[in-house]
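Worksheet: the structure to be examined is printed underneath.
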Amino acid sequence: MVQVLINGLARGSVYALVALGYTMVYGILGMINFAHGEVFMLGMFGVVFALGLCTTLWGTSLALNLVVALVLAVLFAAGWGWANERIAYRKLRGANMLAPLSSAIGLSIVLQNFVMLAVTKGKVDFPHFYSDAFTKTHWTVLGARITLLQLTMLGTTAILCLGLWWLIQKTRIGISLRATSQDRLAASLMGIRVDRSIAGTFILGSALAAVAGAMVGMYQGVLAFDSGYSVGLKAFTAAVLGGIGNIPGAVLGGFLIGISEDLTSYWIGSDWKQTSTFVILILVLILRPRGLLGERVSDKV
Amino acid sequence: MKLSTRLSLAATLLAMASCQKKDDTIKIGLTGVQTGPDAAIGTAPINGSKLAIEEWNAKGGILGKKIEMVVRDDEGKPKTATAVAQELISAGVSAVVGHFNSGCSIPASEVYNQAGVLQITPASTNPQLTERGFQNTFRICGRDDQQGIVSAAFARDTLKTQVIAVLNDKTAYGQGIADVFKKTFETKGGKVAVFEGVGTEEKDFRGAIASIQKSGATAVYWAGMFVQGGILYNQLREAGFKGALLGGDGMFDNEFHKTTQGKADSVFLTFGPDYNAKPEAQEFLKKYRAKFGPEGSYSIYGYDAANVLLSAMAKAGTTDAKAVSQALRSQSWKTLGGDVSFDAKGDLTAAGYVIWTARGGKFVAR
């Protein structure tokens with residue numbers, strides 16, 4: 001039972017990190033960035049390539065290579081997040097809601113196919129040298145086996161969430177982000193560079209997704225061009241469950257879905273895992289249409 | 001010239017041109033999964049068929065014509081497979097070697113059957129494929145109700161497993177083979193403690209593994225493909241599960257050893273007999289490796305399927321599906337995998353499944 005909870009928390013931490021990207025973009029632009037799952041996938045590939053690069057450049061130094069690869073992958077994914085906003089969304093900002101939505105779906109297809117054609121149609125194994133250090137080290141807690149990787153996933157997610165909270169609540173960047181999300185026009189009149197805040201949101205979300213991608217690459221051991229799809233879908237569900245646009249909500253939603261998936265496969269069977277997630281989503285949306293922590297906002301007149 | 005006359009003239013010319021084109025080659029469709037997790041295992045038989053067809057063309061083709069290959073990727077998806085089947089028929093193929101996945105072959109076979117196009121699959125093992133009375137559907141591999149039995153008997157009689165867990169990937173192939181395995185294992189007095197499906201996109205099996213460990217199962221049967229099989233193996237060992245992992249032909253690919261770092265032990269799969277020792281196969285393997293790199297587990301089946309098909313066409317003296325089907329059933333054929341003959345359903349009369357095990361980063365026949 002403890003084992004199931006640990007597995008669920010580890011899975012949920014990934015959903016939480018990716019869900020943050022969905023929810024932040026929704027909060028600031030009111031649109032759903034369907035290409036976010038693909039940025040997560042690019043982060044996964046980024047780490048594997050950067051690890052390969054480090055190994056060829058100066059050999060196999062475990063800690064150094066991991067840190068360098070993670071930084072490179074975060075920069076790579078953040079770059080993509082920024083580029084996505086520039087290419088696919090900025091020009092459409094004044095347009096009908098459906099325009100950026102189609103643009104997002106199109107972008108997601110383009111990115112998937114790009115990786116499929118440019119990298120591989122099959123799978124890539126995460127280099128075992130690096131992942132083994134994390135998956136083979138484990139402790140037994142209350143009869144459950146917890147690996148160093150699971151602990152790392154939980155710890156990293158906790159630190160990143162606190163960091164994000166601090167950034168948004170306590171810094172000037174945070175103030176401009178919040179102002180932009182509340183009223184874009186008023187914010188721009190107050191001298192806030194709205195375009196910059198929006199780009200910043202994409203960069204932040206993408207960086208978080210890249211960190212999640214690096215951890216999932218190790219956790220699953222195998223990556224493919226379509227790896228972003230199911231994680232992206234679950235994370236989006238998590239964001240909606242927690243109340244889209246709400247940052248603590250995305251984290252809560254992520255963990256809830258992670259735990260519910262593992263509990264379902266433990267109690268009922270893996271066949272029902274997908275079903276249970278969406279049953280929970282539907283129930284929550286019936287009872288609380290704005291999600292668990294979603295704010296009740298009266299329509300602007 | 002009036003416009004209508006001009007149009008009809010153009011139409012006639014076009015029709016003549018297309019007839020002309022149709023007449024000077026015989027088209028053979030080659031299809032299977034070339035994208036996604038099964039890409040590695042699915043491309044191998046297509047390459048095998050290509051080699052066979054090139055050899056026939058080098059000898060002057062068939063029925064006085066050259067053979068043209070029409071290659072299509074069905075992405076391992078049933079929906080794409082039926083679309084590919086339509087495309088191949090529109091392209092005017094006389095016969096199809098494919099598809100790879102049972103989940104693709106079964107719906108596509110309906111399309112081929114309606115259009116009267118002969119289909120021979122190198123790898124689809126789900127029994128359903130040949131159980132619907134289609135006269136022009138063939139397979140040059142065994143059936144899951146044969147390999148599932150061999151695997152279950154091995155688990156009960158040789159490994160002496162009492163309690164086992166069975167996981168499948170929710171595809172036609174996975175569910176079919178899981179059912180047969182469960183039935184045989186239970187008939188032989190064993191207990192199937194966990195019987196669950198996970199989707200093909202699942203790469204985190206830790207939830208199912210927790211149930212398996214709780215259930216007291218001492219071995220796991222994976223009814224699915226090699227990518228997930230390798231991940232499952234790693235995660236079972238990570239969770240401290242030391243029992244055997246069994247599986248079918250879908251697990252039989254060298255990529256499995258890359259995922260498991262060549263360290264896999266107590267892995268037992270069912271696959272066809274070992275052709276590596278056969279001298280006839282050596283020449284094929286040499287040519288194949290020179291052209292495409294390392295062979296896949298089903299490369300030789302693709303080669304055999306194309307050869308048998310073309311030999312039957314040569315014997316029938318026509319590409320008509322009905323005549324070729326009759327020719328295929330009429331005699332036994334020499335292949336690299338041994339002599340084969342087809343029964344009324346289109347299955348092999350004898351499919352010799354044997355148990356293979358992983359040793360030193362390779363699969364070896366036991």
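For peptide B:193-206, the mean count of partner chain Cβ atoms within 10 Å of a residue's Cβ comes to 6. Seen from B:E280, the other residues with C-beta closer than 14 Å to its C-beta sum to a net charge of -1, counting Lys and Arg as +1 and Asp and Glu as -1. Distance between the modelled labels on A:V141 and A:F129, one decimal in nanometres: 3.1 nm (7 Å Cα→Cβ projection).
The mean number of Cβ atoms from other chains found within 10 Å of a Cβ in peptide B:308-321 is 0, as a whole number. Each of the peptides A:199-208, B:329-338 was scored by the mean count of other Cβ atoms within 10 Å over its residues; in descending order, highest first, they stand as A:199-208, B:329-338. Considering only A:L252, A:L285, A:L185, the Gaussian network model of chain A with Cα springs below 10 Å gives its largest mean-square fluctuation to A:L185. Proximity of backbone amide H atoms, modeled 1.01 Å from N, is registered between B:I26 and B:K66, B:I67, B:E68 at under 5 Å, excluding neighbours fewer than 5 places apart on the same chain. Taking the Cα centre of the protein assembly as shown as reference, the dipole from Cβ charges on Lys and Arg (+1) and Asp and Glu (-1) amounts to some 980 debye.
Tally Lys/Arg at +1 and Asp/Glu at -1 over every other residue whose Cβ is under 12 Å from the Cβ of A:R193; what's the total?
Working: positive: A:R172, A:R184, A:R196; negative: A:D195.
Here the count lands on +2.
Shape class for chain A: oblate, because the ratio a/c of the largest to smallest gyration tensor axis (alpha-carbon atoms, square roots of eigenvalues) is 1.5 or more and b/c is at least a/b. Which pairs, out of B:K160/B:K286; B:K50/B:K345; A:K121/B:K50; B:K27/B:K287; A:K170/B:K203; A:K121/B:K160, put more than 30 Å between their alpha-carbon atoms? In this structure, B:K160/B:K286; A:K170/B:K203; A:K121/B:K160 lie more than 30 Å apart at Cα.
Residues A:F76, A:F45, A:F40 in ascending order of nearby Cβ atoms (within 10 Å, fewest first): A:F76, A:F45, A:F40.
Classify the protein assembly as shown: rounded, prolate or oblate, from the alpha-carbon gyration tensor (a ≥ b ≥ c, eigenvalue square roots; a/c under 1.5 rounded; otherwise prolate if a/b is larger than b/c)? The shape class here is oblate. Taken along the Cα-to-beta-carbon direction at a fixed 7 Å, the label points for B:K79 and A:T120 span 2.7 nm. Cα extents for region B:49-147 along the principal axes, largest to smallest and rounded to whole angstrom: 40, 29, 25. Each part gets one Cα centre, and for region A:66-138 versus region A:152-170 those centres are 21 Å apart. Take each residue in A:116-126, count the other chain C-beta atoms within 10 Å of its C-beta, and the mean is 5.
By the combined test of axial Cα extent (at least 24 Å) and Kyte-Doolittle hydropathy (mean at least -0.5), the qualifying DSSP H helices of chain B come to B:3-24, B:39-58, B:299-316. How would you classify region A:202-296 from its alpha-carbon gyration tensor, with a ≥ b ≥ c the square roots of the eigenvalues: rounded for a/c under 1.5, else prolate if a/b is greater than b/c, otherwise oblate? Verdict is oblate for region A:202-296. Subtracting the Cα-Cα distance of A:T55 and A:I282 from 0.36 nm times their residue separation leaves 77.0 nm of extension gain.
Under the simplified labelling scheme, the B:K214-B:E186 pair shows an inter-label distance of 2.1 nm, with each label point 7 Å from Cα along Cα→Cβ. Note on chain A: with a GNM built from Cα contacts shorter than 10 Å, the maximum mean-square fluctuation among A:A144, A:A118, A:A19 falls on A:A118.
Ordered by the count of other Cβ atoms within 10 Å of each Cβ, fewest first, B:S49, A:S260 give A:S260, B:S49.
Applying both filters, DSSP loop and at most 11 other Cβ atoms within 10 Å, to the trypsin sites (Lys or Arg not before Pro) of region B:121-182 gives B:K160.
Distance from the C-alpha centroid of region B:34-105 to that of region B:303-345: 17 Å, rounded to the whole angstrom.
A Stokes-Einstein calculation at 10 °C with viscosity 1.306 mPa s, built on the Kirkwood radius of region B:279-334 over Cα pairs, returns a diffusion coefficient of 126 µm²/s. Taking the number of Cβ atoms within 10 Å of each Cβ as an exposure proxy, the fewest-first ranking of A:I6, B:I177 is A:I6, B:I177.
Sorted largest first, the spans of the alpha carbon positions of chain B along the three principal axes are 84, 47, 37 Å. The Cα center of region A:1-53 and the Cα center of region A:205-220 differ in position by 6 Å. Span-like helix criteria (full DSSP H runs; alpha carbon extent of at least 24 Å along the helix axis; mean Kyte-Doolittle hydropathy of at least -0.5) are satisfied in chain A by A:2-29, A:36-58, A:62-84, A:98-118, A:148-170, A:194-220, A:247-267. Shape summary: region A:115-258 maps onto an equivalent ellipsoid whose semi-axes, from the alpha-carbon gyration tensor, are 33, 20, 14 Å in decreasing order. For the protein assembly as shown, the mean residue ellipticity at 222 nm estimated from helices alone is -19500 deg cm²/dmol, where every DSSP H run of n ≥ 4 contributes -39500 (n - 2.57) and the total is divided by all residues, rounded to the nearest 500.
Readers should treat all values here as calculations from the given coordinates under stated rules, not as data from a laboratory. These figures come from a predicted structure and were not determined experimentally. Ideal geometry is used to build each Cβ from the backbone, glycine not excepted, and the neighbour counts take in all protein chains shown.
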